[in-house]
Structures are given as C-alpha cells and as structure tokens.
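Shown next, in structure tokens, is the structure this report addresses.
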Amino acid sequence: MILTATQLNQVDAQMKRLISTDNYYGKIYREKGIEGIDSQEDFESLPFSSKEDLRNAYPLGIQAVPDEEVVRIHSSSGTTGKPVIIPYTAKDVDDWAIMFARCYETAGITNKDRIQITPGYGLWTAGIGFQAGCEKLGAMCIPMGPGNTDKQLQMMMDLKTTVITATSSYALLLSEEINKRGIKDKICLTKGVFGSERWSEKMRNTIKENLGIELYDIYGLTEIYGPGIGINCEHETGMHYWDDYIYIEIIDPKTGKPVPDGEEGEIVITTLVKEGAPLIRFRTHDISRIIPGECPCGRHYPRLDIIKGRSDDMFKVHGVNMFPSQVEDLLQLVDGASSEYNVTIAHDDSKNKDIMIVTVEVEGRVDFEEAADKIRSLFKSRVGVTPKITVVPVGTLPRSEKKTKRVTDYRFENQ
Ligand code: ZN
C-alpha cells in the first residue's frame with residue numbers, strides 16, 4: 001500500500017504539529033532535523049515508534065494538545081514495566097465511535113439490534129469502545145461488563161439480545177453454559193463480535209455450533225484508538241480497515257523494510273487525523289499481511305488477514321516463518337494429542353542444515369507411531385516443513401503456571 005496524496009498530507013500535517021510542540025516525538029523529530037514529509041520515500045525513512053517510547057513518555061509525554069482539549073485517557077498495561085497512557089480529545093473519542101459504528105455496520109448490525117457488551121470497562125479501551133460504537137449506530141446497548149454469567153444469560157433472554165460482544169474465551173464459556181442449561185431456544189443471538197486475539201479454529205467452531213451465530217473479528221489496540229479500526233465482512237476474506245483514519249504498512253520485523261502487499265510481516269500503523277496522541281509508524285508486533293485485490297463485498301477499504309501471531313514468537317526453519325499458534329492449530333487435528341508440546345531447533349553441522357524436533361504428548365489409547373506419522377504429514381502439507389516428531393505420554397512435558405516456553409532455538413545460542 002502506498003500513501004495516497006491525502007494520507008501523505010495528513011501525516012505531514014500531524015508531524016508539523018508534533019514538531020511545534022514539546023511532545024515526546026516532536027523533540028525526537030527536531031533533534032533528527034526532520035521537518036515533515038513530501039514523499040513515500042521520506043515517510044519510509046521516518047523512525048518507528050514503539051510501546052517502549054510510550055513507556056518512556058509516561059505519563060503524558062505523548063500528549064500533543066493543550067490540557068483543556070483532552071477529555072479522556074486510556075491505558076494499556078504491558079506484561080512488564082510501566083503502563084502506557086493515551087490522551088484523547090473530543091474529536092478522537094468521536095472518531096473512534098464512528099469507526100466502531102462502521103465495524104458494526106460491516107457486520108450487518110443495524111439500529112434495530114440489541115448489543116450486549118461483556119468486555120471490561122475502565123482504563124481499558126474495551127467496553128467503552130463497544131458501547132460508544134453501539135450508541136453511534138443507534139442500536140440498544142446493554143452494558144453488562146464482564147462476569148456474572150447467570151445475570152448475563154438472564155438479560156440475554158429477557159431483553160432478547162441479538163448481538164454478543166466478548167473476548168473469545170468468554171464467548172466460549174457463555175456458549176457452553178447456554179448449551180449445558182438447554183436454553184438455546186430462548187436465546188435470540190444472531191451475531192457475535194469478538195476481539196481479534198489469537199483463537200483457534202476449534203474454539204470458533206464450538207461457539208458457532210453452540211450458538212448458531214455469525215462471528216466477526218474486530219481489530220484494534222489501545223495505542224491506536226482501541227478496538228474498532230477494522231473488522232471482517234460477511235465474506236470472511238480478512239478484516240477491512242479504515243484507511244481514512246489509519247495507514248497500515250507491513251514490514252519485515254528483522255530489517256524494518258516494508259514488504260510488498262500479500263507478503264507476511266509486522267503490522268505498523270500510522271494515525272492520520274489523531275489529535276491527542278498521534279503516532280507515526282507504530283510497531284504493533286502483530287503479524288499479518290495485506291490481502292491484495294478487491295473484496296467480493298465491493299467495499300473499497302483495504303484488508304488485513306487475520307492476526308497470525310506476535311513477531312516476538314515467530315521462528316524460522318528452512319526459510320519458512322512459523323508461529324506456536326500454527327503448531328497448536330495443527331495438533332488439534334490429531335486424535336489423542338494434548339495441547340502440550342515443544343519445539344527444538346538446532347543446526348546439524350555435519351549436514352549443514354537445520355533440524356526441527358517437535359515433541360508432542362499423546363494419550364495412551366492411541367498408537368504413538370500412527371500419531372507421529374499424522375503429525376509429520378500435517379506439518380508437511382500445512383506448514384511446508386517436515387520436522388522430526390517425538391511422541392511422549394500425556395504428563396511428560398513440564399507444566400508452568402506462567403506462559404510456557406514452547407520453542408527452544410539452539411541455532412543462535414552459540415553465536
Ligand atoms: Zn468485504
């Protein structure tokens with residue numbers, strides 16, 4: 001995607017404004033002698049911005065307007081260190097609601113719908129974003145917030161909720177409860193709108209089957225407004241994103257160079273009209289690709305593929321990029337395989353090639369050799385790499401309460 005003339009002017013105007021203030025990025029641009037941009041080339045030579053910067057600028061170093069124009073802040077907490085604070089002007093809040101309403105419309109939701117909101121309210125951009133978009137659309141908002149499943153289901157039946165918004169894991173829980181309680185015929189849901197966290201095909205199908213609804217993935221992050229900057233349409237050919245508010249480029253996470261449309265890499269977002277805290281070339285660490293061509297729905301908004309993983313988790317063997325999520329998806333297709341596995345990658349000096357060993361836990365009732373063959377052929381057909389497979393009984397691999405380290409790469413440890 002190349003910046004249109006309008007987008008180029010918008011970015012230039014945002015930069016000039018930043019440079020004229022004491023904003024964190026304004027100072028960086030001044031120090032580097034950057035005065036604005038005239039071309040795609042200028043744009044692509046601009047430094048990236050990152051979550052790290054936003055932490056350094058804590059609490060309000062990235063505010064780019066006078067205090068009297070800020071109407072709200074949101075915050076995202078990282079897994080480590082200081083949180084990040086994002087200030088919003090009245091226009092930013094309104095723009096976000098407009099984008100979110102557009103998401104609902106793209107999902108075929110209208111002002112006749114009743115939208116039950118279960119994501120959390122507070123410093124996060126979750127609940128309030130879903131609500132503002134709903135009100136902008138003119139639909140009935142049922143602002144439940146998270147938890148209290150009994151009450152959620154009661155309201156869902158009494159108010160005849162037609163759209164559920166949730167995290168995918170809470171949607172799964174609700175769908176299982178509805179099934180268990182045998183109240184499916186009292187539920188009027190037709191659609192679900194879920195945050196685009198990584199979720200498996202198995203989970204998606206369970207929700208679809210339990211509830212008999214259409215599912216929509218919404219994309220967004222607190223640093224760039226919040227959820228609502230993109231969503232899939234009924235054709236499920238990726239997520240349309242709103243290029244009148246944001247510009248997206250896909251870069252090679254190692255070199256930082258933009259890759260051609262269609263190729264996978266890290267999503268980098270530039271806001272086009274944000275006032276409170278504009279961000280230029282913000283690295284999201286989400287991995288996806290731009291889907292080239294037109295969508296069958298006829299909308300001209302460009303499309304992002306579903307989020308494949310985080311660039312921090314990516315590993316590469318025999319020239320193929322892989323993510324733990326792909327391994328998880330594939331293991332779900334194997335009868336008896338548990339969700340526990342690990343991947344070891346090393347370099348065989350004598351043959352001068354990389355070796356990948358996948359260790360998988362399989363239930364005792366299943367023939368280990370057959371399971372290993374199945375896993376090997378799935379890797380070959382779905383990933384394009386044939387690893388060595390070791391099958392072990394369930395309970396063999398170490399469990400951890402924190403995030404389990406799945407991939408060990410010895411290739412870089414001795415360098
Ligand atoms: Zn479409």
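Taken over region 133-157, the residue count meeting the criterion of being more than 22 Å from Gly122 (Cβ to Cβ), part of a loop (DSSP other than H, G, I, E, B) and free of Cβ contacts under 8 Å to residues at least 24 places away in the same chain is 0.
When Arg299, Arg310, Arg365 are screened for being surrounded by fewer than 20 Cβ atoms within 10 Å (Cβ to Cβ) and closer than 30 Å to Gly61 by Cα, only Arg310 passes. The requirement of being modelled with pLDDT under 90, touching a helix residue (DSSP H, G or I) at 6+ places or on another chain (Cβ under 9 Å) and surrounded by 12 or more Cβ atoms within 10 Å (Cβ to Cβ) is fulfilled nowhere in region 386-403; no residue meets it. Taking first residues from region 102-121 that are over 13 Å from Thr167 (Cα atoms) and touching a residue at least 24 places away in the same chain (Cβ under 8 Å) and partners that are away from the ligand (no atom under 16 Å from the Cβ) and of a type in the set (Asp, Glu), the Cβ contacts under 8 Å between residues at least 6 apart in sequence or on separate chains come to Tyr104/Asp113. Against the conditions (1) assigned to a helix (DSSP H, G or I); (2) within 21 Å of the chain's Cα centre (by Cα), Thr165 satisfies every one except (1). The residue that is modelled with the highest pLDDT, among those in region 302-323 that are in a loop (DSSP other than H, G, I, E, B) and over 18 Å from the mean Cα position of the chain (by Cα), is His318. For region 300-335, residues that are away from the ligand (no atom under 16 Å from the Cβ), among the aliphatic types (A, V, I, L, M) and under 16 Å from Val268 (Cβ atoms) total 2.
Taking the criterion of being more than 16 Å from the ligand (Cβ to nearest atom), touching a Ser or Thr at 6+ places or on another chain (Cβ under 9 Å) and farther than 30 Å from Tyr58 by Cβ, the residues of region 78-121 that qualify are Lys112, Asp113, Arg114, Ile115, Gln116. Return a yes/no flag: does region 189-203 have any residue that is touching a residue at least 40 places away in the same chain (Cβ under 8 Å) and in contact with a Lys or Arg (Cβ under 7 Å, 6 or more places away or on another chain). No: region 189-203 contains no residue that is touching a residue at least 40 places away in the same chain (Cβ under 8 Å) and in contact with a Lys or Arg (Cβ under 7 Å, 6 or more places away or on another chain). Residue pairs whose Cβ atoms lie under 6 Å apart, separated by 6 or more positions or on different chains, with the first residue in region 288-299 and farther than 27 Å from Asp312 by Cβ and within 11 Å of the ligand (Cβ to nearest atom) and the second of a type in the set (Phe, Trp, Tyr) and at pLDDT below 95, do not occur.
Within region 158-167, can you find the residues that are surrounded by fewer than 20 Cβ atoms within 10 Å (Cβ to Cβ) and under 19 Å from Trp124 (Cα atoms)?
Thr167
Identify the residue in region 106-141 that is at pLDDT below 95 and crowded, with 22+ Cβ neighbours inside 10 Å and, among all such residues, is nearest to Leu215 (Cα to Cα). Out of the qualifying residues, it is Pro119. If you go through region 346-370 and keep only what is of a type outside the set (Gly, Ala, Ser) and either in contact with a Pro (Cβ under 9 Å, 6 or more places away or on another chain) or part of a helix (DSSP H, G or I) (or both), you end up with Ile355, Met356, Ile357, Val358, Glu361, Val362, Glu363, Phe368, Glu369, Glu370. Among residues of region 301-322 that are without any contact (Cβ under 8 Å) to a residue 12 or more places away in the chain and over 22 Å from Cys103 (Cα atoms), those with a Cβ under 8 angstrom from a residue that is outside any loop (DSSP other than H, G, I, E, B) and not β-branched (Val, Ile, Thr), sequence gap 6+ or separate chain, pair up as Lys316/Met322. A search for C-beta distances below 6 Å between a residue of region 329-343 that is in a helix (DSSP H, G or I) and any residue that is modelled with pLDDT of 90 or more and buried (at least 19 other Cβ atoms within 10 Å of the Cβ), counting only pairs 6+ apart in sequence or on different chains, returns Leu331/Ala337. Hey, can you tell me all the residues within region 254-267 that are surrounded by fewer than 21 Cβ atoms within 10 Å (Cβ to Cβ) and under 16 Å from the mean Cα position of the chain (by Cα)? Answer for region 254-267, where residues must be surrounded by fewer than 21 Cβ atoms within 10 Å (Cβ to Cβ) and under 16 Å from the mean Cα position of the chain (by Cα): just Glu264.
The values are calculated or read from the model by the stated rules, or taken from the named source; none is laboratory data. These figures come from a predicted structure and were not determined experimentally. When we count neighbours, we look across all protein chains shown, and the Cβ atoms used for this are built from the backbone with ideal geometry, even at glycine.
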